[in-house]
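Below is one structure, written out as C-alpha coordinates; comments come after it.
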Amino acid sequence: MVLSVMNIVFLGPPGSGKGTTASLLEPKLGIPHISTGELLRDNISRKTALGMEAEKYISKGDLVPDEMILDIIKERLKEDDCKKGFMLDGVPRTVPQAEALENMIDIDIVIDIEVPDDIVIKRNSARESCTECGKIYNKRTMRPEKEGVCDVCGGRLEGRADDRPDVIKERLSVYREKTAPLIEYYENKGILKRIECNDIDEPPEIAVEKVIDIIEDE
Ligand code: AMP
(Lines give C-alpha, C1' and ligand atoms only; values in the text may rest on other atoms or scores of the structure.)
Protein backbone atom coordinates (compact mmCIF):
# COMPACT_ATOMS: atom_id res chain seq x y z
CA MET A 1 0.00 0.00 0.00
CA VAL A 2 1.30 3.47 -0.81
CA LEU A 3 1.28 5.87 2.13
CA SER A 4 -0.87 8.95 1.64
CA VAL A 5 1.89 11.29 2.79
CA MET A 6 5.40 10.06 2.23
CA ASN A 7 8.41 11.74 3.69
CA ILE A 8 11.43 9.86 2.37
CA VAL A 9 15.11 10.37 3.10
CA PHE A 10 17.86 9.03 0.85
CA LEU A 11 21.16 8.12 2.46
CA GLY A 12 24.26 6.90 0.67
CA PRO A 13 27.74 8.08 -0.29
CA PRO A 14 28.24 10.82 -2.88
CA GLY A 15 27.64 9.27 -6.28
CA SER A 16 25.49 6.41 -4.94
CA GLY A 17 22.61 7.61 -7.12
CA LYS A 18 20.45 9.38 -4.53
CA GLY A 19 19.76 12.37 -6.77
CA THR A 20 19.20 10.37 -9.93
CA THR A 21 16.89 7.90 -8.20
CA ALA A 22 14.88 10.66 -6.50
CA SER A 23 14.55 12.68 -9.70
CA LEU A 24 13.27 9.64 -11.62
CA LEU A 25 10.81 8.90 -8.80
CA GLU A 26 9.49 12.48 -8.67
CA PRO A 27 6.92 12.11 -11.50
CA LYS A 28 5.99 8.59 -10.42
CA LEU A 29 5.30 9.47 -6.76
CA GLY A 30 4.14 13.05 -7.32
CA ILE A 31 6.33 14.42 -4.52
CA PRO A 32 9.31 16.75 -4.93
CA HIS A 33 12.96 15.76 -4.89
CA ILE A 34 14.76 18.17 -2.59
CA SER A 35 18.54 18.21 -2.80
CA THR A 36 20.43 20.45 -0.40
CA GLY A 37 23.48 20.23 -2.68
CA GLU A 38 21.33 21.54 -5.55
CA LEU A 39 19.88 24.35 -3.39
CA LEU A 40 23.42 25.35 -2.38
CA ARG A 41 24.73 25.22 -5.99
CA ASP A 42 21.81 27.42 -7.03
CA ASN A 43 22.83 29.96 -4.36
CA ILE A 44 26.44 29.76 -5.56
CA SER A 45 25.48 30.43 -9.17
CA ARG A 46 23.29 33.38 -8.08
CA LYS A 47 26.19 34.61 -5.94
CA THR A 48 24.01 35.06 -2.85
CA ALA A 49 25.71 35.68 0.52
CA LEU A 50 24.78 32.14 1.57
CA GLY A 51 26.17 30.72 -1.69
CA MET A 52 29.50 32.55 -1.31
CA GLU A 53 29.86 31.26 2.26
CA ALA A 54 28.84 27.69 1.35
CA GLU A 55 31.29 27.55 -1.58
CA LYS A 56 34.24 27.77 0.81
CA TYR A 57 33.25 24.42 2.34
CA ILE A 58 31.92 22.71 -0.78
CA SER A 59 35.06 23.34 -2.85
CA LYS A 60 37.12 21.47 -0.25
CA GLY A 61 34.69 18.58 0.08
CA ASP A 62 33.71 19.62 3.62
CA LEU A 63 30.18 19.86 4.96
CA VAL A 64 28.67 23.31 5.28
CA PRO A 65 27.62 24.20 8.87
CA ASP A 66 24.45 22.54 10.16
CA GLU A 67 22.67 25.86 10.89
CA MET A 68 23.01 26.97 7.29
CA ILE A 69 21.47 23.72 6.02
CA LEU A 70 18.68 23.76 8.58
CA ASP A 71 17.72 27.32 7.58
CA ILE A 72 17.55 26.38 3.90
CA ILE A 73 15.62 23.18 4.40
CA LYS A 74 13.15 24.75 6.82
CA GLU A 75 12.22 27.35 4.18
CA ARG A 76 12.02 24.76 1.38
CA LEU A 77 9.74 22.43 3.36
CA LYS A 78 7.23 25.27 3.87
CA GLU A 79 6.49 25.35 0.14
CA ASP A 80 3.14 24.02 -1.08
CA ASP A 81 4.55 21.17 -3.14
CA CYS A 82 5.77 19.48 0.09
CA LYS A 83 2.26 18.96 1.48
CA LYS A 84 1.96 15.39 0.12
CA GLY A 85 5.49 14.49 1.10
CA PHE A 86 8.97 14.87 -0.31
CA MET A 87 12.23 13.05 -0.96
CA LEU A 88 15.26 14.48 0.81
CA ASP A 89 18.57 13.92 -0.94
CA GLY A 90 21.74 14.95 0.89
CA VAL A 91 20.07 15.90 4.17
CA PRO A 92 20.39 15.00 6.97
CA ARG A 93 24.14 14.48 6.76
CA THR A 94 25.00 14.63 10.45
CA VAL A 95 23.34 13.37 13.62
CA PRO A 96 22.58 16.96 14.82
CA GLN A 97 20.87 17.64 11.45
CA ALA A 98 18.78 14.47 11.87
CA GLU A 99 17.76 15.50 15.38
CA ALA A 100 16.83 19.02 14.27
CA LEU A 101 14.88 17.64 11.30
CA GLU A 102 12.85 15.46 13.64
CA ASN A 103 11.54 18.58 15.32
CA MET A 104 10.33 19.88 11.95
CA ILE A 105 8.87 16.79 10.23
CA ASP A 106 8.09 13.08 10.53
CA ILE A 107 10.17 10.79 8.36
CA ASP A 108 8.43 7.63 7.10
CA ILE A 109 11.19 5.77 5.28
CA VAL A 110 14.96 6.12 5.01
CA ILE A 111 16.48 4.43 1.96
CA ASP A 112 20.17 3.70 2.27
CA ILE A 113 21.82 3.15 -1.13
CA GLU A 114 24.92 1.05 -0.51
CA VAL A 115 27.68 1.31 -3.08
CA PRO A 116 31.35 0.25 -2.73
CA ASP A 117 33.97 3.05 -2.68
CA ASP A 118 35.65 2.11 -6.00
CA ILE A 119 32.32 2.42 -7.82
CA VAL A 120 31.57 5.73 -6.09
CA ILE A 121 34.84 7.23 -7.32
CA LYS A 122 34.32 6.07 -10.93
CA ARG A 123 30.69 7.18 -10.92
CA ASN A 124 31.43 10.67 -9.63
CA SER A 125 34.12 11.16 -12.25
CA ALA A 126 31.59 10.29 -14.97
CA ARG A 127 28.89 12.57 -13.60
CA GLU A 128 27.84 15.81 -15.27
CA SER A 129 24.86 18.06 -14.84
CA CYS A 130 23.05 20.82 -16.70
CA THR A 131 24.29 24.30 -15.83
CA GLU A 132 20.75 25.62 -16.46
CA CYS A 133 18.21 23.17 -14.99
CA GLY A 134 20.44 20.90 -12.87
CA LYS A 135 19.41 17.63 -14.56
CA ILE A 136 22.00 14.95 -13.80
CA TYR A 137 23.67 12.83 -16.49
CA ASN A 138 26.38 10.18 -16.39
CA LYS A 139 28.84 9.49 -19.20
CA ARG A 140 28.49 5.75 -18.50
CA THR A 141 24.84 5.16 -17.67
CA MET A 142 22.77 8.25 -18.52
CA ARG A 143 24.13 9.97 -21.60
CA PRO A 144 22.33 12.92 -23.18
CA GLU A 145 21.17 12.53 -26.78
CA LYS A 146 23.68 15.15 -27.90
CA GLU A 147 27.00 15.19 -26.09
CA GLY A 148 27.39 18.16 -23.73
CA VAL A 149 23.80 19.38 -24.21
CA CYS A 150 20.86 18.91 -21.83
CA ASP A 151 17.96 16.88 -23.34
CA VAL A 152 15.42 18.87 -21.29
CA CYS A 153 16.40 22.52 -21.73
CA GLY A 154 19.34 22.58 -24.16
CA GLY A 155 21.63 23.94 -21.43
CA ARG A 156 25.37 23.20 -21.31
CA LEU A 157 26.50 20.12 -19.36
CA GLU A 158 29.44 20.35 -17.03
CA GLY A 159 31.21 18.12 -14.49
CA ARG A 160 30.79 19.31 -10.90
CA ALA A 161 33.75 21.21 -9.43
CA ASP A 162 33.61 18.99 -6.33
CA ASP A 163 33.75 15.79 -8.41
CA ARG A 164 37.53 16.07 -8.91
CA PRO A 165 39.21 12.85 -7.63
CA ASP A 166 40.94 14.56 -4.66
CA VAL A 167 37.72 16.28 -3.56
CA ILE A 168 35.70 13.07 -4.06
CA LYS A 169 38.08 11.21 -1.72
CA GLU A 170 37.59 13.90 0.92
CA ARG A 171 33.79 13.81 0.47
CA LEU A 172 33.86 10.05 0.89
CA SER A 173 35.84 10.22 4.11
CA VAL A 174 33.51 12.95 5.44
CA TYR A 175 30.60 10.67 4.53
CA ARG A 176 32.05 7.71 6.44
CA GLU A 177 32.83 9.82 9.50
CA LYS A 178 29.82 12.14 9.77
CA THR A 179 26.95 10.72 7.70
CA ALA A 180 27.30 6.92 7.88
CA PRO A 181 26.40 6.95 11.63
CA LEU A 182 22.90 7.94 10.48
CA ILE A 183 22.45 4.42 9.10
CA GLU A 184 22.46 3.00 12.63
CA TYR A 185 20.51 6.02 13.90
CA TYR A 186 17.59 5.28 11.57
CA GLU A 187 17.95 1.53 11.92
CA ASN A 188 17.33 1.97 15.64
CA LYS A 189 14.16 3.88 14.79
CA GLY A 190 12.98 0.95 12.63
CA ILE A 191 12.57 2.98 9.42
CA LEU A 192 15.76 2.07 7.52
CA LYS A 193 15.60 0.13 4.24
CA ARG A 194 18.68 -0.84 2.27
CA ILE A 195 19.25 -1.22 -1.44
CA GLU A 196 22.57 -2.28 -2.96
CA CYS A 197 24.33 -1.36 -6.15
CA ASN A 198 27.47 -3.36 -6.94
CA ASP A 199 27.51 -2.86 -10.69
CA ILE A 200 28.97 0.41 -11.98
CA ASP A 201 26.90 0.30 -15.16
CA GLU A 202 23.60 -0.65 -13.52
CA PRO A 203 20.85 1.42 -15.17
CA PRO A 204 19.28 3.89 -12.69
CA GLU A 205 15.81 2.43 -13.31
CA ILE A 206 16.81 -0.66 -11.29
CA ALA A 207 17.22 1.39 -8.10
CA VAL A 208 13.93 3.15 -8.87
CA GLU A 209 12.12 -0.22 -9.07
CA LYS A 210 13.69 -1.33 -5.78
CA VAL A 211 12.48 1.84 -4.03
CA ILE A 212 8.97 1.43 -5.44
CA ASP A 213 8.89 -2.17 -4.13
CA ILE A 214 9.91 -0.91 -0.68
CA ILE A 215 7.23 1.80 -0.68
CA GLU A 216 4.53 -0.66 -1.81
CA ASP A 217 5.44 -3.02 1.02
CA GLU A 218 4.85 -0.33 3.64
P1 AMP B 1 25.61 16.91 -2.80
O2 AMP B 1 25.10 17.51 -4.06
O3 AMP B 1 24.53 16.34 -1.92
O4 AMP B 1 26.74 15.93 -3.04
O5 AMP B 1 26.23 18.11 -1.94
C6 AMP B 1 27.34 18.86 -2.41
C7 AMP B 1 28.03 19.53 -1.24
O8 AMP B 1 27.11 20.45 -0.61
C9 AMP B 1 28.48 18.61 -0.13
O10 AMP B 1 29.76 18.03 -0.38
C11 AMP B 1 28.51 19.57 1.06
O12 AMP B 1 29.66 20.40 1.01
C13 AMP B 1 27.31 20.45 0.79
N14 AMP B 1 26.09 19.90 1.42
C15 AMP B 1 24.97 19.45 0.80
N16 AMP B 1 24.06 19.04 1.69
C17 AMP B 1 24.61 19.23 2.91
C18 AMP B 1 24.17 18.98 4.25
N19 AMP B 1 22.98 18.43 4.51
N20 AMP B 1 25.02 19.30 5.26
C21 AMP B 1 26.22 19.87 5.03
N22 AMP B 1 26.71 20.11 3.80
C23 AMP B 1 25.91 19.79 2.74
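The values are calculated or read from the model by the stated rules, or taken from the named source; none is laboratory data. Note that this is a predicted model, so its numbers are computed, not measured. Note that each Cβ is placed from the backbone with ideal geometry, even for glycine, and that neighbours are counted across all protein chains shown. These accessible areas exclude ligands, DNA and RNA; they are computed on the full protein's heavy atoms, side chains included. Shrake-Rupley method; radii C 1.70, N 1.55, O 1.52, S 1.80 Å.
Scan region 96-120 for residues that are modelled with pLDDT under 95 and in contact with a Ser or Thr (Cβ under 7 Å, 6 or more places away or on another chain) and the total you get is 2.
Each row is one residue, and each column tells you yes or no for (1) in contact with a helix residue (DSSP H, G or I) (Cβ under 8 Å, 6 or more places away or on another chain); (2) more than 13 Å from the ligand (Cβ to nearest atom); (3) open to solvent by less than 70 Å² (accessible area, probe 1.4 Å).
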{"site": "GLY30", "(1), (2), (3)": "no, yes, yes"}
{"site": "ILE34", "(1), (2), (3)": "yes, no, yes"}
{"site": "VAL64", "(1), (2), (3)": "yes, no, yes"}
{"site": "GLU75", "(1), (2), (3)": "no, yes, no"}
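Taking every residue in region 85-99 that is near the ligand (Cβ under 7 Å from one of its atoms) and in a strand (DSSP E or B) and pairing it with any residue that is open to solvent by less than 20 Å² (accessible area, probe 1.4 Å) and not charged (D, E, K, R), at least 6 positions away or on another chain, the pairs with Cβ-Cβ distances below 7 Å are ASP89/PHE10; ASP89/GLY19; ASP89/ALA22; ASP89/ILE34; ASP89/SER35.
Do the conditions hold for ASP81, that is, is it surrounded by fewer than 19 Cβ atoms within 10 Å (Cβ to Cβ), more than 12 Å from the ligand (Cβ to nearest atom), outside any loop (DSSP other than H, G, I, E, B) and on the phi < 0 side of the Ramachandran plot? So ASP81 fits the description; yes. Only one of the numbered conditions (1) open to solvent by less than 40 Å² (accessible area, probe 1.4 Å); (2) modelled with pLDDT of 90 or more is violated by ARG123, and that is (2). Of all the residues in region 155-196, those that are of a type in the set (Val, Ile, Thr) and within 11 Å of the ligand (Cβ to nearest atom) number 4. When residues in region 136-165 are screened for being open to solvent by 40 Å² or more (accessible area, probe 1.4 Å), touching a Ser or Thr at 6+ places or on another chain (Cβ under 9 Å) and not hydrophobic (A, V, I, L, M, F, W, C), 8 of them pass.
LYS47 meets the conditions (1) surrounded by fewer than 20 Cβ atoms within 10 Å (Cβ to Cβ); (2) within 11 Å of the ligand (Cβ to nearest atom); (3) part of a loop (DSSP other than H, G, I, E, B) in every case but one. The failed one is (2).
Counting only strands (runs of 3 or more DSSP E) that sit completely within region 127-218, those holding 3 or more residues that are in contact (Cβ under 8 Å) with a residue 24 or more places away in the chain correspond to 127-130, 192-196.
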